[in-house]
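Colleague: Below is a structure I'd like to ask you about.
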Amino acid sequence: MTAEVIVSTFNEIGCHAFSPGSKDFAAGLAFIQEMQMLANFPFISANILDVNGNRLFDPYVIADVEGVSVGIIGLASNFIHSDVYIQDPIEALNELAGEVNSQSDVLVLMFDSEEADIIKMQTSGFPIDLVIRSKSKTRSQDGGKRDIPSYSCGDRGKYLYQFDLTVADPNKQFIDLAVYENQMSQAEKKLNKMRKGNLITDLHNVYKDDPPSLKKIETYESQIQSAKDALKNTVNSIKMSKHELGKTVTDRPDILQIVDNGKAKINNSYGPQPPSGTPPGKNQKKIGHDHDGDGIPDH
């Protein structure tokens with residue numbers, strides 16, 4: 001029932017695509033297909049196949065977003081399930097990436113990924129502009145220093161990530177602004193620590209007789225300058241911002257009504273549920289926790 005609520009809310013909010021991963025199959029393939037029937041948006045996966053090797057979902061979608069053609073590929077790292085067969089994700093990408101790239105200005109990969117597959121993807125030369133990954137407990141501060149920005153929202157579902165893409169030349173690489181902004185911020189913090197509270201201190205003069213410290217200063221200043229140069233020369237950019245749910249995201253009455261209706265159905269089926277963290281009583285059915293917000297109990 002929780003999954004039905006999630007699908008219903010995304011139907012109302014609007015969603016370009018959903019890429020299922022290993023946890024989504026906890027209730028079986030038939031359940032996933034039932035949720036797919038309820039959804040007004042496509043379920044996509046390039047490498048989740050049936051037991052006979054046939055694709056269960058479209059591998060990708062091409063969406064027009066304010067005049068920009070966005071290709072979205074769904075992908076999953078290997079997992080074991082009796083209802084499905086998982087093709088090697090890098091092999092599947094190799095078959096599709098060029099085809100999707102030729103039809104789009106921006107190529108986004110939705111990847112329920114193990115770290116080993118992320119590393120393989122990064123070193124395979126795929127023309128991917130942005131990776132949105134699940135199956136990671138880490139909440140990304142930026143897309144990392146590899147060629148393809150890769151973001152994870154973590155496993156608690158408490159933050160909403162927003163990506164604003166500026167496309168001036170689809171043939172040029174996208175620059176992840178957060179990487180260079182964080183690089184400047186960290187270098188500035190280290191320099192300020194060396195200033196010991198006096199922000200107008202001439203560090204080169206203070207540490208003139210301390211070669212190791214002078215070398216650190218030069219390194220930090222070089223990092224700041226290289227970040228400034230990268231930002232100044234950016235043609236296509238990705239700007240990430242995070243919104244903490246419940247604080248910076250405004251409630252929508254229509255969505256809250258869908259959630260309340262869903263809770264009422266759950267209460268009708270299982271009885272009134274205690275506050276989060278309360279152990280179930282003798283006459284209460286225990287419902288598994290859904291820590292990552294995918295609608296499927298994790299345990």
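Colleague: Taking only the alpha carbons of region 178-231, what extent do you get along each of the three principal axes, in Å, biggest first?
Modeller: Principal extents (Cα only, largest first): 34, 21, 14 Å.
Colleague: While we're looking at this one, here's another question. Relative contact order for the chain: what percent, with Cα pairs under 8 Å and sequence separation of 6 or more?
Modeller: Relative contact order, the chain: 17 percent.
Colleague: Give the Cα extents of region 133-276 along the principal axes, in whole Å, largest first.
Modeller: 75, 42, 27
Colleague: I would also like to ask the following. Name the helices (complete DSSP H segments) of the chain with a Cα length along the long axis of 18 Å or more and a Kyte-Doolittle mean of at least -1.0, or state none. Spell out each step's value before the answer.
Modeller: Numbers: long enough: 177-195 (27 Å, -1.06); 211-232 (31 Å, -0.93); 253-270 (25 Å, -0.53).
Those that clear 18 Å and a mean of -1.0 are 211-232, 253-270.
Colleague: Then there's this: Write down the Å³ per residue value for the convex hull defined by the alpha carbon atoms of region 184-268. Please report the intermediate quantities before stating the final value.
Modeller: Numbers: hull volume 17.0 nm³, N = 85.
Here the figure is 201 Å³ per residue.
Colleague: On to the next question. Taking the Cα centre of region 178-231 as origin, sum charge times position over the Cβ atoms of Lys and Arg (+1) and Asp and Glu (-1), and report the length of that vector in debye to the nearest 20. Before the final figure, lay out each step's value.
Modeller: Details: 9 positive and 8 negative charges, 46 e Å.
The calculated dipole for region 178-231 is roughly 220 debye.
Colleague: While we're on this one: In percent, how large is the relative contact order of region 2-163, given Cα pairs closer than 8 Å and 6 or more residues apart? Intermediate results must be reported in sequence, preceding the final value.
Modeller: Values: 303 pairs, mean separation 26.0, N = 162.
Relative contact order for region 2-163 comes out at 16 percent.
Colleague: Now a separate question. As I understand it, the dipole of the chain uses +1 on the Cβ of Lys and Arg and -1 on the Cβ of Asp and Glu, about the Cα centre. Which of 219, 126, 230 lies farthest toward its positive end?
Modeller: 219
Colleague: What does the net charge come to around residue 188 if you take all other residues with beta carbon closer than 11 Å to its beta carbon, with K and R at +1 and D and E at -1? Don't jump to the answer; show the numbers that get you there.
Modeller: Working: positive: 189, 190, 193, 195; negative: 181, 221.
Its environment carries a net charge of +2.
Colleague: Below 13 angstrom from the Cβ of residue 169, what's the summed charge of the other residues (Lys, Arg +1; Asp, Glu -1)?
Modeller: It works out to a net charge of -1.
Colleague: Of 74, 39, 29, which is farthest towards the positive pole of region 1-108's charge dipole, taken about the Cα centre with +1 and -1 on the beta-carbons of Lys, Arg and Asp, Glu respectively?
Modeller: 29
Colleague: For the chain, which semi-axes, largest first and in whole Å, follow from the square roots of 5 times the eigenvalues of its Cα gyration tensor?
Modeller: Details: eigenvalues 331, 141, 66 Å².
So the equivalent ellipsoid measures 41, 27, 18 Å along its semi-axes.
Colleague: Calculate log10 I(q)/I(0) of region 2-163 for q = 0.09, 0.12, 0.14 Å⁻¹, where I(q) comes from the Debye formula with a single equal point scatterer on each Cα and nothing for solvent.
Modeller: Log10 I(q)/I(0), no solvent term: -0.28, -0.51, -0.71.
Colleague: Would you compute, from DSSP H runs of 4+ residues alone, the mean residue ellipticity of the chain at 222 nm, taking -39500 (n - 2.57) per run and dividing by the full residue count, rounded to the nearest 500? Working shown, then result.
Modeller: On the way: 8 runs with 106 residues, N = 299.
That calculation yields -11500 deg cm²/dmol at 222 nm.
Colleague: For region 178-231, calculate the relative contact order in percent as a whole number, restricting contacts to Cα pairs under 8 Å that are 6 or more residues apart.
Modeller: 53 percent
Colleague: Now for a separate question. Going down the list 215/242; 145/208; 137/216; 158/265; 215/239, which pairs span over 26 Å between their C-alpha atoms? Numbers along the way, then the final one.
Modeller: Values: 215/242 35 Å; 145/208 32 Å; 137/216 33 Å; 158/265 24 Å; 215/239 32 Å.
215/242; 145/208; 137/216; 215/239, as the Cα separations exceed 26 Å there.
Colleague: Which residue fluctuates the most in the chain, going by a Gaussian network model with Cα springs under 10 Å, if the choices are 107, 191, 96?
Modeller: Greatest mean-square fluctuation among the candidates belongs to 191.
Colleague: Of all beta bridges DSSP finds with both residues in region 2-163, what is the antiparallel percent, to the nearest 5? Intermediate values should be presented prior to the final figure.
Modeller: On the way: 11 of 28 bridges.
Bridges in region 2-163 that DSSP calls antiparallel: roughly 40 percent.
Laboratory data are not the source of any read-out in this text; all were calculated from the coordinates shown. Quick caveat, the model's predicted, so the values are computed rather than measured. Reconstructed Cβ throughout: ideal geometry from the backbone, glycine too, with neighbour counts over all protein chains shown.
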